[in-house]
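What follows is one structure encoded as C-alpha coordinates, with my remarks underneath.
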Number of protein chains: 2
Amino acid sequence: MSRLDSFIRRLEAQRACLNQAAALITDVPGNVLEFGLGNGRTYDHLREKLSRRDIYVFERKVAAHPDCIPPDDRLFLGDFLESLPMAIRRLGQDTALANLDIGSGDEAASQQLARAMTPFVLQLLKPRGILISDQPIADSALEALPLPTGIKPGRYFLHRRR
Amino acid sequence: MSRLDSFIRRLEAQRACLNQAAALITDVPGNVLEFGLGNGRTYDHLREKLSRRDIYVFERKVAAHPDCIPPDDRLFLGDFLESLPMAIRRLGQDTALANLDIGSGDEAASQQLARAMTPFVLQLLKPRGILISDQPIADSALEALPLPTGIKPGRYFLHRRR
(Lines give C-alpha, C1' and ligand atoms only; values in the text may rest on other atoms or scores of the structure.)
Protein backbone atom coordinates (compact mmCIF):
# COMPACT_ATOMS: atom_id res chain seq x y z
CA MET A 1 0.00 0.00 0.00
CA SER A 2 1.50 3.34 -1.03
CA ARG A 3 1.58 6.39 1.19
CA LEU A 4 -1.14 7.86 -0.99
CA ASP A 5 -3.35 4.78 -0.37
CA SER A 6 -2.57 4.91 3.32
CA PHE A 7 -3.33 8.62 3.59
CA ILE A 8 -6.68 8.24 1.80
CA ARG A 9 -7.56 5.35 4.08
CA ARG A 10 -6.71 7.39 7.17
CA LEU A 11 -8.87 10.33 6.04
CA GLU A 12 -11.77 8.00 5.20
CA ALA A 13 -11.44 6.40 8.63
CA GLN A 14 -11.46 9.81 10.27
CA ARG A 15 -14.56 10.84 8.36
CA ALA A 16 -16.34 7.58 9.20
CA CYS A 17 -15.58 8.10 12.91
CA LEU A 18 -16.84 11.68 12.82
CA ASN A 19 -20.02 10.66 11.04
CA GLN A 20 -20.63 7.77 13.44
CA ALA A 21 -20.02 10.01 16.45
CA ALA A 22 -22.39 12.63 15.04
CA ALA A 23 -25.08 9.95 14.71
CA LEU A 24 -24.41 8.64 18.23
CA ILE A 25 -25.08 12.02 19.87
CA THR A 26 -28.40 12.67 18.15
CA ASP A 27 -30.17 12.34 21.52
CA VAL A 28 -27.39 13.94 23.56
CA PRO A 29 -27.68 17.73 23.60
CA GLY A 30 -24.51 19.71 24.23
CA ASN A 31 -21.52 21.33 22.62
CA VAL A 32 -18.69 19.91 20.53
CA LEU A 33 -14.99 20.24 21.29
CA GLU A 34 -12.29 19.97 18.64
CA PHE A 35 -8.75 19.55 19.93
CA GLY A 36 -6.28 20.36 17.17
CA LEU A 37 -7.58 22.56 14.36
CA GLY A 38 -4.79 21.83 11.87
CA ASN A 39 -5.85 22.91 8.40
CA GLY A 40 -9.48 23.04 9.55
CA ARG A 41 -10.91 20.22 7.42
CA THR A 42 -12.21 18.22 10.36
CA TYR A 43 -13.66 21.35 11.94
CA ASP A 44 -15.42 22.14 8.69
CA HIS A 45 -16.82 18.61 8.57
CA LEU A 46 -18.12 18.81 12.14
CA ARG A 47 -19.54 22.27 11.45
CA GLU A 48 -21.45 20.84 8.49
CA LYS A 49 -22.67 17.68 10.23
CA LEU A 50 -23.53 19.38 13.52
CA SER A 51 -24.54 22.81 12.34
CA ARG A 52 -26.83 23.50 15.30
CA ARG A 53 -24.19 22.78 17.93
CA ASP A 54 -21.71 25.18 19.50
CA ILE A 55 -18.27 24.00 18.42
CA TYR A 56 -15.27 25.07 20.48
CA VAL A 57 -11.78 24.64 19.12
CA PHE A 58 -8.54 24.17 21.04
CA GLU A 59 -5.38 24.95 19.12
CA ARG A 60 -1.83 25.90 20.00
CA LYS A 61 -1.35 28.13 16.96
CA VAL A 62 -3.93 28.70 14.26
CA ALA A 63 -2.71 27.84 10.75
CA ALA A 64 -6.00 26.78 9.15
CA HIS A 65 -7.61 27.79 5.88
CA PRO A 66 -9.17 31.28 6.40
CA ASP A 67 -12.69 29.81 5.90
CA CYS A 68 -12.09 27.30 8.69
CA ILE A 69 -11.06 29.55 11.54
CA PRO A 70 -13.58 29.57 14.38
CA PRO A 71 -14.91 32.84 15.82
CA ASP A 72 -12.74 34.29 18.61
CA ASP A 73 -15.28 33.37 21.29
CA ARG A 74 -15.17 29.70 20.24
CA LEU A 75 -11.40 29.42 20.20
CA PHE A 76 -9.19 28.34 23.11
CA LEU A 77 -5.77 29.38 21.94
CA GLY A 78 -2.58 27.99 23.47
CA ASP A 79 -1.43 24.87 25.26
CA PHE A 80 -4.29 22.35 25.73
CA LEU A 81 -3.38 21.67 29.34
CA GLU A 82 -3.51 25.38 30.14
CA SER A 83 -6.76 26.12 28.31
CA LEU A 84 -8.65 23.03 29.50
CA PRO A 85 -9.14 24.33 33.10
CA MET A 86 -10.43 27.62 31.64
CA ALA A 87 -12.83 25.72 29.40
CA ILE A 88 -14.11 23.72 32.39
CA ARG A 89 -14.82 26.93 34.31
CA ARG A 90 -16.54 28.50 31.31
CA LEU A 91 -18.47 25.57 29.82
CA GLY A 92 -19.05 23.16 32.70
CA GLN A 93 -19.98 19.56 31.87
CA ASP A 94 -21.94 20.18 28.70
CA THR A 95 -20.02 18.43 25.93
CA ALA A 96 -21.73 15.84 23.71
CA LEU A 97 -18.72 15.15 21.49
CA ALA A 98 -14.98 15.71 21.90
CA ASN A 99 -12.56 15.02 19.04
CA LEU A 100 -8.91 14.67 19.99
CA ASP A 101 -6.83 14.93 16.85
CA ILE A 102 -3.58 15.61 18.65
CA GLY A 103 -0.95 13.23 17.24
CA SER A 104 2.23 15.14 16.47
CA GLY A 105 4.41 12.43 14.92
CA ASP A 106 6.16 11.86 18.27
CA GLU A 107 4.15 8.84 19.40
CA ALA A 108 5.31 8.78 23.03
CA ALA A 109 4.70 12.51 23.51
CA SER A 110 1.26 12.31 21.83
CA GLN A 111 0.17 9.43 24.07
CA GLN A 112 1.45 11.22 27.14
CA LEU A 113 -0.49 14.34 26.15
CA ALA A 114 -3.67 12.27 25.69
CA ARG A 115 -3.22 10.76 29.16
CA ALA A 116 -2.68 14.19 30.71
CA MET A 117 -5.74 15.63 28.93
CA THR A 118 -8.15 12.80 29.76
CA PRO A 119 -9.11 13.86 33.34
CA PHE A 120 -9.85 17.39 32.12
CA VAL A 121 -11.81 16.20 29.09
CA LEU A 122 -13.89 13.99 31.39
CA GLN A 123 -14.89 17.07 33.38
CA LEU A 124 -16.35 18.51 30.17
CA LEU A 125 -17.87 15.37 28.61
CA LYS A 126 -21.44 14.58 29.64
CA PRO A 127 -22.71 11.10 30.40
CA ARG A 128 -23.40 9.38 27.04
CA GLY A 129 -21.08 11.89 25.37
CA ILE A 130 -18.69 10.55 22.73
CA LEU A 131 -14.93 10.84 22.64
CA ILE A 132 -12.98 10.30 19.41
CA SER A 133 -9.23 10.14 19.71
CA ASP A 134 -6.26 9.44 17.49
CA GLN A 135 -4.41 8.29 20.62
CA PRO A 136 -5.24 5.34 22.90
CA ILE A 137 -7.24 6.43 25.94
CA ALA A 138 -8.18 4.36 28.98
CA ASP A 139 -10.39 5.46 31.86
CA SER A 140 -12.97 3.57 33.87
CA ALA A 141 -15.50 6.31 33.04
CA LEU A 142 -15.21 5.44 29.35
CA GLU A 143 -16.68 2.52 27.46
CA ALA A 144 -14.84 1.56 24.25
CA LEU A 145 -17.14 1.45 21.21
CA PRO A 146 -16.57 -0.59 18.05
CA LEU A 147 -15.08 1.37 15.17
CA PRO A 148 -17.02 1.83 11.92
CA THR A 149 -16.59 -1.07 9.48
CA GLY A 150 -13.28 -1.31 7.67
CA ILE A 151 -11.21 0.82 10.03
CA LYS A 152 -7.98 -0.76 11.20
CA PRO A 153 -8.01 -1.15 15.01
CA GLY A 154 -5.65 1.34 16.59
CA ARG A 155 -6.03 3.96 13.90
CA TYR A 156 -8.77 5.74 15.87
CA PHE A 157 -10.41 5.19 19.24
CA LEU A 158 -14.08 5.69 19.96
CA HIS A 159 -15.46 5.88 23.49
CA ARG A 160 -18.73 6.72 25.19
CA ARG A 161 -18.86 8.25 28.65
CA ARG A 162 -20.78 5.90 30.92
CA MET B 1 -19.74 18.93 0.96
CA SER B 2 -17.20 19.69 3.68
CA ARG B 3 -13.55 20.45 3.04
CA LEU B 4 -12.76 16.99 4.41
CA ASP B 5 -15.12 15.40 1.85
CA SER B 6 -13.69 17.54 -0.91
CA PHE B 7 -10.10 16.72 0.02
CA ILE B 8 -10.79 12.97 0.10
CA ARG B 9 -12.50 13.22 -3.28
CA ARG B 10 -9.52 15.09 -4.75
CA LEU B 11 -7.05 12.48 -3.50
CA GLU B 12 -9.20 9.62 -4.78
CA ALA B 13 -9.41 11.35 -8.17
CA GLN B 14 -5.66 11.76 -8.22
CA ARG B 15 -5.11 8.10 -7.40
CA ALA B 16 -7.62 6.99 -10.05
CA CYS B 17 -5.80 9.10 -12.67
CA LEU B 18 -2.42 7.69 -11.68
CA ASN B 19 -3.72 4.11 -11.79
CA GLN B 20 -5.40 4.67 -15.16
CA ALA B 21 -2.26 6.26 -16.58
CA ALA B 22 -0.14 3.37 -15.28
CA ALA B 23 -2.46 0.93 -17.06
CA LEU B 24 -2.38 3.00 -20.26
CA ILE B 25 1.40 2.80 -20.58
CA THR B 26 1.67 -0.96 -20.15
CA ASP B 27 2.82 -1.25 -23.76
CA VAL B 28 4.81 1.98 -23.81
CA PRO B 29 8.33 1.51 -22.49
CA GLY B 30 10.08 4.54 -21.04
CA ASN B 31 10.67 6.58 -17.92
CA VAL B 32 8.28 8.45 -15.64
CA LEU B 33 8.50 12.13 -14.75
CA GLU B 34 6.98 13.58 -11.60
CA PHE B 35 6.75 17.38 -11.50
CA GLY B 36 6.20 18.54 -7.93
CA LEU B 37 7.28 16.11 -5.22
CA GLY B 38 5.39 17.76 -2.35
CA ASN B 39 5.14 15.36 0.58
CA GLY B 40 6.08 12.47 -1.74
CA ARG B 41 2.81 10.51 -1.56
CA THR B 42 2.21 10.57 -5.31
CA TYR B 43 5.83 9.67 -5.97
CA ASP B 44 5.49 6.74 -3.60
CA HIS B 45 2.34 5.62 -5.41
CA LEU B 46 4.02 5.80 -8.82
CA ARG B 47 7.06 4.00 -7.45
CA GLU B 48 4.81 1.19 -6.23
CA LYS B 49 2.68 0.93 -9.39
CA LEU B 50 5.59 1.31 -11.80
CA SER B 51 8.40 -0.29 -9.86
CA ARG B 52 10.40 -1.30 -12.95
CA ARG B 53 10.48 2.20 -14.43
CA ASP B 54 13.04 4.94 -13.88
CA ILE B 55 11.19 7.75 -12.12
CA TYR B 56 12.67 11.25 -12.30
CA VAL B 57 11.41 13.97 -10.00
CA PHE B 58 11.39 17.71 -10.56
CA GLU B 59 11.07 19.82 -7.44
CA ARG B 60 11.93 23.36 -6.48
CA LYS B 61 12.78 22.50 -2.87
CA VAL B 62 12.51 19.03 -1.35
CA ALA B 63 10.26 18.85 1.72
CA ALA B 64 8.99 15.28 1.41
CA HIS B 65 8.84 12.46 3.92
CA PRO B 66 12.39 11.01 4.24
CA ASP B 67 11.20 7.67 2.77
CA CYS B 68 9.90 9.48 -0.33
CA ILE B 69 12.96 11.39 -1.46
CA PRO B 70 14.30 10.15 -4.79
CA PRO B 71 17.99 9.28 -5.23
CA ASP B 72 20.18 12.27 -6.19
CA ASP B 73 20.62 11.04 -9.75
CA ARG B 74 16.83 10.96 -10.25
CA LEU B 75 16.16 14.43 -8.91
CA PHE B 76 16.07 17.65 -10.93
CA LEU B 77 16.25 20.27 -8.23
CA GLY B 78 15.25 23.89 -8.87
CA ASP B 79 12.94 25.83 -11.13
CA PHE B 80 11.08 23.55 -13.59
CA LEU B 81 11.76 25.83 -16.54
CA GLU B 82 15.48 25.79 -15.82
CA SER B 83 15.78 22.04 -15.22
CA LEU B 84 13.60 20.96 -18.15
CA PRO B 85 16.22 21.82 -20.84
CA MET B 86 18.80 19.88 -18.82
CA ALA B 87 16.43 16.91 -18.60
CA ILE B 88 15.87 17.01 -22.37
CA ARG B 89 19.63 16.90 -22.98
CA ARG B 90 20.07 14.07 -20.53
CA LEU B 91 17.00 11.90 -21.15
CA GLY B 92 15.94 12.65 -24.71
CA GLN B 93 12.42 11.68 -25.79
CA ASP B 94 11.98 8.60 -23.64
CA THR B 95 9.12 9.41 -21.25
CA ALA B 96 6.07 7.15 -21.05
CA LEU B 97 4.29 9.11 -18.29
CA ALA B 98 4.58 12.65 -17.02
CA ASN B 99 2.62 13.81 -13.97
CA LEU B 100 2.28 17.57 -13.51
CA ASP B 101 1.12 18.25 -9.99
CA ILE B 102 2.11 21.89 -10.02
CA GLY B 103 -0.88 23.90 -8.76
CA SER B 104 0.28 26.42 -6.17
CA GLY B 105 -3.00 27.97 -5.09
CA ASP B 106 -2.43 30.93 -7.45
CA GLU B 107 -4.58 29.69 -10.34
CA ALA B 108 -3.37 32.18 -12.97
CA ALA B 109 0.31 31.57 -12.15
CA SER B 110 -0.19 27.78 -12.13
CA GLN B 111 -1.87 27.83 -15.54
CA GLN B 112 0.84 30.07 -16.94
CA LEU B 113 3.52 27.71 -15.63
CA ALA B 114 1.75 24.73 -17.25
CA ARG B 115 1.65 26.60 -20.58
CA ALA B 116 5.33 27.47 -20.33
CA MET B 117 6.27 23.89 -19.44
CA THR B 118 4.22 22.16 -22.17
CA PRO B 119 6.67 22.60 -25.10
CA PHE B 120 9.52 21.22 -22.98
CA VAL B 121 7.47 18.32 -21.64
CA LEU B 122 6.53 17.45 -25.24
CA GLN B 123 10.22 17.10 -26.09
CA LEU B 124 10.44 14.42 -23.38
CA LEU B 125 7.13 12.62 -23.88
CA LYS B 126 7.14 9.78 -26.40
CA PRO B 127 4.36 9.11 -28.89
CA ARG B 128 1.56 7.29 -26.98
CA GLY B 129 3.02 8.63 -23.73
CA ILE B 130 0.52 9.87 -21.13
CA LEU B 131 0.39 13.30 -19.51
CA ILE B 132 -1.54 13.86 -16.28
CA SER B 133 -1.94 17.45 -15.17
CA ASP B 134 -3.73 19.37 -12.46
CA GLN B 135 -3.77 22.33 -14.84
CA PRO B 136 -5.53 22.63 -18.21
CA ILE B 137 -3.16 21.91 -21.10
CA ALA B 138 -3.81 22.35 -24.82
CA ASP B 139 -1.50 21.37 -27.64
CA SER B 140 -2.20 19.88 -31.05
CA ALA B 141 0.25 17.06 -30.23
CA LEU B 142 -1.98 15.96 -27.36
CA GLU B 143 -5.24 14.05 -27.48
CA ALA B 144 -7.53 14.57 -24.46
CA LEU B 145 -8.55 11.28 -22.82
CA PRO B 146 -11.69 10.71 -20.75
CA LEU B 147 -11.15 10.85 -16.98
CA PRO B 148 -11.77 7.78 -14.81
CA THR B 149 -15.42 7.41 -13.74
CA GLY B 150 -16.65 9.77 -11.06
CA ILE B 151 -14.01 12.46 -11.42
CA LYS B 152 -15.32 15.97 -11.78
CA PRO B 153 -14.23 17.45 -15.14
CA GLY B 154 -11.57 20.10 -14.63
CA ARG B 155 -10.15 18.51 -11.50
CA TYR B 156 -7.49 16.66 -13.50
CA PHE B 157 -6.55 16.48 -17.16
CA LEU B 158 -5.44 13.35 -18.95
CA HIS B 159 -3.77 13.44 -22.37
CA ARG B 160 -2.04 11.03 -24.69
CA ARG B 161 0.68 12.15 -27.07
CA ARG B 162 -0.38 11.40 -30.64
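The rows are residues; the columns are (1) surrounded by fewer than 18 Cβ atoms within 10 Å (Cβ to Cβ); (2) touching a residue at least 40 places away in the same chain (Cβ under 8 Å).
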position	(1), (2)
A:Leu122	no, no
A:Gly129	no, yes
A:Ser140	yes, no
A:Leu145	yes, yes
A:Ile151	no, yes
A:Arg155	yes, yes
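Which residue out of A:Leu131, A:Leu122 is of a type outside the set (D, E, K, R) and assigned to a strand (DSSP E or B)?
A:Leu131
Residues that are in contact with a Cys (Cβ under 7 Å, 6 or more places away or on another chain), among the acidic types (Asp, Glu) and either at pLDDT 95 or above or farther than 22 Å from A:Lys126 by Cβ (or both): does segment A:41-49 have at least one?
Yes; the residues of segment A:41-49 include at least one that is in contact with a Cys (Cβ under 7 Å, 6 or more places away or on another chain), among the acidic types (Asp, Glu) and either at pLDDT 95 or above or farther than 22 Å from A:Lys126 by Cβ (or both).
Does segment B:5-33 hold any residues that are touching a His at 6+ places or on another chain (Cβ under 9 Å), of a type in the set (D, E, K, R) and touching a residue at least 24 places away in the same chain (Cβ under 8 Å), and which are they?
Scanning segment B:5-33 gives a single hit, B:Arg15.
Among A:Asp72, A:Asp106, A:Asp79, which is the only one that is in contact (Cβ under 8 Å) with a residue 12 or more places away in the chain, acidic (Asp, Glu) and loosely packed, with under 13 Cβ neighbours inside 10 Å?
Values: A:Asp72 fails: in contact (Cβ under 8 Å) with a residue 12 or more places away in the chain; A:Asp106 fails: in contact (Cβ under 8 Å) with a residue 12 or more places away in the chain.
Within the list A:Asp72, A:Asp106, A:Asp79, the selection yields A:Asp79.
Mind listing whichever residues of segment A:4-62 are in a loop (DSSP other than H, G, I, E, B), more than 10 Å from chain B (Cβ to nearest Cβ) and buried (at least 22 other Cβ atoms within 10 Å of the Cβ)?
A:Leu37
Any idea how many residues of segment A:63-87 are part of a helix (DSSP H, G or I) and over 12 Å from A:Arg47 (Cβ atoms)? Before you say what the answer is, go through the steps one by one.
The initial filter retains those residues of segment A:63-87 that are part of a helix (DSSP H, G or I), namely A:66-68, A:72-74, A:80-87.
Those still in the list that are over 12 Å from A:Arg47 (Cβ atoms) too: A:66, A:72-73, A:80-87.
Total meeting the criteria: 11.
The values are calculated or read from the model by the stated rules, or taken from the named source; none is laboratory data. Quick caveat, the model's predicted, so the values are computed rather than measured. Because the Cβ atoms are built from the backbone with ideal geometry, glycine has one as well, and the counts that use them run over all protein chains shown.
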